[in-house]
Amino acid sequence: MNQREPSRPGADKATSPPGYLALTMGDPAGIGLDITLKAWTERRARGLPPFLLYADPDAVAARAKMLALDVPIASADSGSDVGAAFQRALPVRTVRLSRSVVAGRPETAHAPAVIEAIELATADVARGHAAAVVTNPIAKSVLTATGFAHAGHTEFLSELASRLVKRGAWLPVMMLVSDVLRVVPLTVHIPLAEVPKAVSRDRLLRTARIVDAALKADFGLATPRVVVAGLNPHAGEDGTIGREEADVIVPAIAELRAEGMDIAGPFSADSLFHAAARARYDAVIAMYHDQALIPIKTLAFDTGVNATLGLPFVRTSPDHGTAFGLAGTGEASAASLIAALKLASEMAQRRMRAGS
């Protein structure tokens with residue numbers, strides 16, 4: 001990746017911006033509470049920025065006891081001095097659950113509180129109380145069973161952005177970030193059979209422009225280099241293995257290059273992710289979910305971060321799921337959450353310095 005300015009999670013040594021990070025609990029039966037508690041215990045060693053957890057304090061205390069972690073809890077809200085409280089205790093803004101939590105056992109009864117935590121945290125960021133929102137993993141199937149109408153966090157945050165920051169519709173773009181790779185899936189949570197129809201010129205144009213702008217504003221790269229993966233094997237082999245490259249991707253790239261963007265492709269995805277290839281770009285736009293996530297989870301399974309671009313506020317998340325089987329066991333790694341907290345702070349710093 002481009003090393004003109006350090007931009008990996010944890011690389012920026014500047015102080016964190018005013019406020020705190022708003023951290024949601026995620027599904028309380030998953031590992032979100034585990035890794036949050038672990039991250040707080042490592043706050044000094046890892047140089048973590050202050051964060052406020054939106055959760056049920058009783059559930060947090062119960063999980064700390066289960067994990068044998070000595071974590072004092074401080075009641076806090078968006079008007080509290082979270083930074084001062086953070087040094088001595090884990091600040092928690094109360095979001096009550098309707099019933100007690102059993103680690104590893106997801107329940108639809110928890111869904112309203114999970115959603116409320118996301119709404120409250122996002123509202124505090126939109127109002128300027130918090131610097132960025134960081135979300136712990138949710139179980140989409142649990143929320144969907146209660147009527148949740150969104151495919152996941154990203155889509156819900158887009159709606160919240162439109163609701164809270166009234167400047168029209170927002171196009172969220174998922175970027176997976178690590179110290180060795182940044183990759184964006186052009187299409188995300190749709191069946192593989194629907195991907196070819198969804199790979200449109202307009203979608204690629206809008207996504208690439210958002211990626212280019214974010215690499216400049218959020219990652220500090222003056223002239224970012226973006227490459228695009230092909231949809232088909234061997235990037236279509238000049239039209240002999242599919243027409244999407246020739247008919248859609250190539251014309252879109254030509255239009256973006258005419259605008260002045262440093263973008264190239266389409267390239268065969270099977271040769272885009274080895275070390276020598278990664279040295280030639282700052283981000284990849286892949287065509288579908290697994291084409292993007294397999295390489296980054298192979299290269300940086302424990303430290304990858306999910307960053308949502310194209311929103312009026314900063315949002316990051318660990319690049320893993322709820323891992324119900326690990327909840328309460330003490331075996332869950334907090335590395336991805338720690339990286340997400342650091343990256344959120346770095347992105348918020350850069351936006352603050354840019355006045356955006």
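The values are calculated or read from the model by the stated rules, or taken from the named source; none is laboratory data. Small disclaimer: the values here were computed from a predicted structure and weren't measured. Note that each Cβ is placed from the backbone with ideal geometry, even for glycine, and that neighbours are counted across all protein chains shown.
Points worth noting:
- Taking region 244-273 as the range and being surrounded by fewer than 15 Cβ atoms within 10 Å (Cβ to Cβ) and under 20 Å from residue 289 (Cα atoms) as the test, the residues that pass are 270, 271.
- Residue in region 330-346 that is over 23 Å from residue 35 (Cα atoms) and assigned by TED's automatic domain parsing to the domain that holds residue 43 present: no
- Looking at 202, 238, just one residue is in a helix (DSSP H, G or I) and free of Cβ contacts under 8 Å to residues at least 60 places away in the same chain, and that residue is 202.
- Taking the listed residues 20, 54, the one that is within 19 Å of the chain's Cα centre (by Cα), modelled with pLDDT of 95 or more and either among the basic types (Lys, Arg) or outside the structural domain of residue 223 (by TED's automatic domain parsing) (or both) is 54, with no other qualifying.
- Residues located in region 94-107, provided they are on the phi < 0 side of the Ramachandran plot, part of a loop (DSSP other than H, G, I, E, B) and touching a helix residue (DSSP H, G or I) at 6+ places or on another chain (Cβ under 9 Å): 95, 96, 97, 98, 99, 100, 101, 103, 105, 106, 107
- Looking across region 310-327 at every residue that is surrounded by 22 or more Cβ atoms within 10 Å (Cβ to Cβ) and either under 21 Å from residue 66 (Cβ atoms) or touching a strand residue (DSSP E or B) at 6+ places or on another chain (Cβ under 6 Å) (or both), the one that is modelled with the lowest pLDDT is identified as 319.
- Per the conditions (1) aliphatic (A, V, I, L, M); (2) surrounded by fewer than 20 Cβ atoms within 10 Å (Cβ to Cβ); (3) under 30 Å from residue 323 (Cα atoms), the sole criterion not satisfied by residue 222 is (3).
- Filtered by the rule that a residue be part of a loop (DSSP other than H, G, I, E, B) and without any contact (Cβ under 8 Å) to a residue 24 or more places away in the chain, region 330-356 gives 331, 355.
- Count of region 268-289 residues which are touching a residue at least 24 places away in the same chain (Cβ under 8 Å) and within 21 Å of residue 237 (Cα to Cα): 10
- Out of 319, 262, 282, one residue alone is in the same structural domain as residue 164 (by TED's automatic domain parsing) and within 29 Å of residue 248 (Cβ to Cβ). It is 319.
- Lone qualifier among 162, 200 - being at pLDDT 95 or above and farther than 27 Å from residue 92 by Cβ: 200
- Residues of region 67-90 satisfying the condition of being without any contact (Cβ under 8 Å) to a residue 60 or more places away in the chain and either among the small types (Gly, Ala, Ser) or crowded, with 21+ Cβ neighbours inside 10 Å (or both): 74, 75, 76, 78, 79, 80, 84, 85, 89, 90
- Verdict on residue 200 being surrounded by fewer than 23 Cβ atoms within 10 Å (Cβ to Cβ), hydroxyl-bearing (Ser, Thr, Tyr) and in the same structural domain as residue 280 (by TED's automatic domain parsing): yes
For (1) touching a helix residue (DSSP H, G or I) at 6+ places or on another chain (Cβ under 7 Å); (2) part of a helix (DSSP H, G or I), each residue gets a yes or a no:
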residue: 45; (1), (2): no, yes
residue: 52; (1), (2): yes, no
residue: 61; (1), (2): no, yes
residue: 64; (1), (2): yes, yes
residue: 69; (1), (2): yes, no
residue: 77; (1), (2): no, no
residue: 80; (1), (2): no, no
residue: 85; (1), (2): no, yes
residue: 92; (1), (2): yes, no
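- Residue match in region 303-323 (condition: under 24 Å from the mean Cα position of the chain (by Cα) and part of a helix (DSSP H, G or I)): no
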